[in-house]
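The values are calculated or read from the model by the stated rules, or taken from the named source; none is laboratory data. Predicted model only: the values in this text are computed from it and were never measured. Reconstructed Cβ throughout: ideal geometry from the backbone, glycine too, with neighbour counts over all protein chains shown.
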Amino acid sequence: MGSLIELFEEKSFAILFVLLLGVPALPLPTGGVTHVFEIIAVLLALQLIAGRDQIWLPQRWCKLELAGQQRQRFITALLKMIRRLERFSHPHLRFLFDHRLSNIVFGLLVIGGSAGAFLAPPFTGLDTLPSLGVVLLSLGMLLEDFVVVVVALVVGVAGVVLEVVLGSAAINGLGKLL
């Protein structure tokens with residue numbers, strides 16, 4: 001992890017958000033296991049909002065290796081997706097990126113998307129869209145493409161709205177049964 005932070009420098013926040021929320025963005029029921037990743041993403045976003053240029057992680061986490069067969073397949077698939085997005089993406093409104101205010105907004109949006117994923121009922125798959133929104137938002141920040149950021153916002157907001165609509169329908173349905 002420490003070498004990733006060194007490699008991506010000021011973009012390391014975005015790459016870690018992609019890695020942390022990439023697993024909850026998969027359309028698989030995780031049973032709440034990914035809540036740990038979402039909490040870590042919120043803590044990193046708070047560092048971004050506070051104005052840190054570099055990520056602070058405990059030394060033990062910095063030495064953590066992203067190795068192993070499962071992790072390697074995930075990282076390979078993730079890199080393939082980033083490369084595919086890079087081919088279609090072009091920097092749009094580049095002047096909006098890498099400012100103090102844009103980092104604060106980025107951090108707040110990551111917290112919102114992570115909270116949306118965290119509050120999704122377990123085993124429903126409803127955490128997928130808010131997490132995917134954060135992943136796309138992070139990729140938009142990495143590629144400095146405002147169009148990708150807008151798509152990310154639409155996906156994330158749609159996911160949270162879907163959670164609220166389906167959650168209220170479930171509560172109303174349970175209320176009628178009782």
**OP:** Look at region 82-125 and say how many of its residues are part of a helix (DSSP H, G or I), aromatic (Phe, Trp, Tyr) and surrounded by 15 or more Cβ atoms within 10 Å (Cβ to Cβ).
**Re:** 2
Subject >> Residue count for region 126-151, restricted to those that are surrounded by 24 or more Cβ atoms within 10 Å (Cβ to Cβ) and not in a helix (DSSP H, G or I) >> reply: 1
Original post:
Does region 156-164 contain at least one residue that is assigned to a helix (DSSP H, G or I), surrounded by 24 or more Cβ atoms within 10 Å (Cβ to Cβ) and of a type in the set (Val, Ile, Thr)?
Top reply: no
**OP:** Kindly indicate which of 171, 111 is modelled with pLDDT under 90, β-branched (Val, Ile, Thr) and at negative phi.
**Re:** 171
